[in-house]
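First comes the structure, then the notes that go with it.
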Amino acid sequence: MKSIYLIILLLICSCDLPTNEESNAVARVGEDFLFVSDIEDQIGPNGSDSIQITRRTINEWAEELLYLKKAEINLSSREKKGLEELVSTYRNDLYVKTYKDKAIQSQLDSIVEKEEIESYFEQNKLNFKTNKDLLRGRYVRVRNENYNLRSIRKSIRRFNEDDKVFLDSIALQFTTYSLNDSIWVQASQFFNRLPSISERRYKYFLKNDTFFELQDSLEVYLVVVEEVVLRNDLAPLDYVAPTLKQILINKRKLDLMRQLDREIIEEGLRQNIYEVYE
């Protein structure tokens, strides 16, 4: 704090300020004063650049006010009136939007039941065709010489509960792996994790219930594709469920907004604040 006052003192030591109020200021533009308390949070505590930062902060404050005074003098009455109307409109819109958002949020139920999502999906299926190839699958990447390789291969293909426990127990032996095959992902993202499979070549593996291996000099990839949905086919419900949930919440918001609009008119009429003259 002392360093800030010292910097400012160095900048204004040649100025004479006649009153007690003005003596606490670091700059003046017309009747407006800039005080230490206005800028101390913007100035670093120490450093060789502190004087430059302080000077720039003061100049930016002065520049804005000087331009404002120029504008008030040089803009026509018509221009200033138009700007004031814009400012007033923006202020009103900001107040109204903030109040409506707050009122809607206080009434909004953001819990969407699974049955509601399923019902909306069934009624709007044609709107939810995927524009990407999708799949559910799993893979492990493991060293060629791993002594569990045969068991790993068998377990990832069969993948019953015992197999899942076994694979989880030896997961530290895998270089990388993904065993959560209940989640739909874009096929391109899935195959990007595998070596030497271009986008053109991965189409060959887009088949339901497919197992294949990819091997190099050091490691082997064991890959299972459980289920595939091709581009332009109906998207799986699980894949689009987050989107459906947001759509339904947005519909609730719109309904609440319309309800709020009706209620405020009714309240204005009821309280005799709002009248329509015939």
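So for the stretch 211-228 (the condition being of a type in the set (S, T, N, Q), in contact (Cβ under 8 Å) with a residue 12 or more places away in the chain and touching a Ser or Thr at 6+ places or on another chain (Cβ under 8 Å)), does at least one residue qualify?
Among the residues of the stretch 211-228, not one is of a type in the set (S, T, N, Q), in contact (Cβ under 8 Å) with a residue 12 or more places away in the chain and touching a Ser or Thr at 6+ places or on another chain (Cβ under 8 Å), which makes the answer no.
Please verify whether Glu145 is over 26 Å from the mean Cα position of the chain (by Cα), at pLDDT 95 or above and not aliphatic (A, V, I, L, M), treating the condition exactly as stated. If you could, list the steps in order and put the result at the bottom.
Details: over 26 Å from the mean Cα position of the chain (by Cα): yes; at pLDDT 95 or above: no; not aliphatic (A, V, I, L, M): yes.
It is false that Glu145 is over 26 Å from the mean Cα position of the chain (by Cα), at pLDDT 95 or above and not aliphatic (A, V, I, L, M).
Which of the residues belonging to the stretch 207-234 are crowded, with 17+ Cβ neighbours inside 10 Å and touching a helix residue (DSSP H, G or I) at 6+ places or on another chain (Cβ under 9 Å)?
Within the stretch 207-234, Val220, Leu222, Val223, Val224, Val225, Val228, Val229 qualify.
Filter the stretch 245-259 down to residues that are more than 15 Å from Asp109 (Cα to Cα) and either assigned by TED's automatic domain parsing to the domain that holds Ser188 or surrounded by 11 or more Cβ atoms within 10 Å (Cβ to Cβ) (or both), then give me how many there are. Can you show your working first?
Applying the first criterion (more than 15 Å from Asp109 (Cα to Cα)) to the stretch 245-259 yields 258.
From what is left, the residues that are either assigned by TED's automatic domain parsing to the domain that holds Ser188 or surrounded by 11 or more Cβ atoms within 10 Å (Cβ to Cβ) (or both) are none.
Total meeting the criteria: 0.
For Ile152, are the conditions met, namely being surrounded by 13 or more Cβ atoms within 10 Å (Cβ to Cβ), of a type outside the set (Lys, Arg) and within 15 Å of Thr210 (Cα to Cα)?
Details: surrounded by 13 or more Cβ atoms within 10 Å (Cβ to Cβ): yes; of a type outside the set (Lys, Arg): yes; within 15 Å of Thr210 (Cα to Cα): no.
Against the criterion (surrounded by 13 or more Cβ atoms within 10 Å (Cβ to Cβ), of a type outside the set (Lys, Arg) and within 15 Å of Thr210 (Cα to Cα)), Ile152 does not qualify.
Show me the helices (runs of 4 or more DSSP H) found entirely inside the stretch 151-242 where at least 1 residues are within 33 Å of the chain's Cα centre (by Cα).
Values: elements: 161-169, 187-192, 199-202.
Those helices (runs of 4 or more DSSP H) span 187-192, 199-202.
Yes or no, residue by residue, for (1) over 30 Å from Ala235 (Cβ atoms); (2) in contact (Cβ under 8 Å) with a residue 12 or more places away in the chain; (3) surrounded by 12 or more Cβ atoms within 10 Å (Cβ to Cβ); (4) not acidic (Asp, Glu):
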{"position": "Asp41", "(1), (2), (3), (4)": "yes, no, no, no"}
{"position": "Ile53", "(1), (2), (3), (4)": "yes, no, yes, yes"}
{"position": "Arg56", "(1), (2), (3), (4)": "yes, no, yes, yes"}
{"position": "Ala71", "(1), (2), (3), (4)": "yes, no, yes, yes"}
{"position": "Asn74", "(1), (2), (3), (4)": "yes, no, no, yes"}
{"position": "Tyr90", "(1), (2), (3), (4)": "yes, no, no, yes"}
{"position": "Asp93", "(1), (2), (3), (4)": "yes, no, no, no"}
{"position": "Glu116", "(1), (2), (3), (4)": "no, yes, yes, no"}
{"position": "Gln123", "(1), (2), (3), (4)": "no, no, no, yes"}
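The values are calculated or read from the model by the stated rules, or taken from the named source; none is laboratory data. Keep in mind that what you see is a predicted model, and the values were worked out from it rather than measured. FYI the Cβ positions are ideal-geometry reconstructions off the backbone, even for glycines, and counts take in every protein chain you see.
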